Amino acid sequence: MISLLKPLTRMRPTARTRGDLLVAGGAVVILAASADVAQTVQDRFAVDLAGLGALERAGATLWDLRPLGTAVFAVGAIGALAGLGEPAGRLERLHEFMRNGVAILAAAHAALALVVLGLAIWVGTVGEVGDSGELGFVYSGSDRAVTLATQLVGWIPLTGLLVLVVVVATRSEQAEEEPKPESSDASLSEELEALWQERLAHGPRRERARNLLSRIKALESAGDHEKARELADELRNL
C-alpha cells in the first residue's frame, strides 16, 4: 500500500517549485528593503527642525537621501514577479496578494523617488534651506553639484524601473482575471470539416457524421458554442 502511495505523493501539484522560491525570496527582500527605507526616512524627520516649514524640513531631510534601499526593493520586486510567472506551487494562493503588494509598494517607492528628485533639484538650485538668520542650512557649490548629479543618476532610472514594475504587476493581475480564450469558431469548423473530408465522408457512418456536422454549424451560427463543442466531441469519436 505504501509503495502505491509514493508515486501519488510525487505527483502532487502542491510541490515546492522554483516559482515558490522566487516569490518567497522576493517577499523577504521587498519587506526588508521597505523597512530600511521607512526607518531611514523616519530617523531623518526625527531631527528637531521645528523652525522650518514643512517644505523646508522635507528639503533638508530628503534631498540627499540615497537610492540604495529602494534599488534593493526593486531587485526583490523583479524576483517576485519572475516567481509569479513560474508554474504555481504551494504558494499559489498567495500570488494575488503578493502581486497587489508589489504594485502598491512599488508605487510608494516611486512616489518617494519623485519627491527626492524634486527636492534635490530645488535645494541644488537655491543652495540653502530656511532662514540664514535663524534655523537654516547653506550648502556649498561643490556639495550641491555632487549631490544633485548623483541623485539624478541614481534616482531617475530607478524611478523608471519602479514604474515598469507597477505596470507589469497590474497587467499580470488583469491577465489572470481575464478568461482564457477558447478555440475560435472558425478553427472548430475547419477542424471538423477536415475530419469529415479525411475520415468520415466515405465511411459507414457518413450520414451520422453529416448530420452532426450540419447541427454543429447551425449551433455555431446560433451562438450556442458549448453545445457545438459537445457535438464536436461526439463527431470526433465516430
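The values are calculated or read from the model by the stated rules, or taken from the named source; none is laboratory data. Model, not experiment: these values are computed from the prediction. Virtual Cβ from ideal backbone geometry, glycine too; neighbours counted across all protein chains shown. Keep in mind that these areas ignore ligands, DNA and RNA; they rest on the heavy atoms of the full protein, side chains included. Shrake-Rupley method; radii C 1.70, N 1.55, O 1.52, S 1.80 Å.
Assorted remarks:
- Nearest-10 value in Å² for the accessible area of Glu207, using the 1.4 Å probe: 100
- Computed accessible area, Asp48, all protein chains, 1.4 angstrom probe, square angstrom: 120
- For Ile121 and Asn100, the FRET efficiency from 1/(1 + (r/R0)^6), where r spans their Cβ atoms and R0 equals 45 Å, is about 0.90.
- Each residue was assigned an accessible area with a 1.4 Å probe, and for Ser140 the value is about 60 Å².
- Prolate/oblate/rounded call for the range 93-170, Cα gyration tensor, a/c under 1.5 rounded: prolate
- Lys/Arg +1, Asp/Glu -1 at C-beta; the range 64-131 dipole; positive extreme among Gly83, Val72, Val129: Gly83
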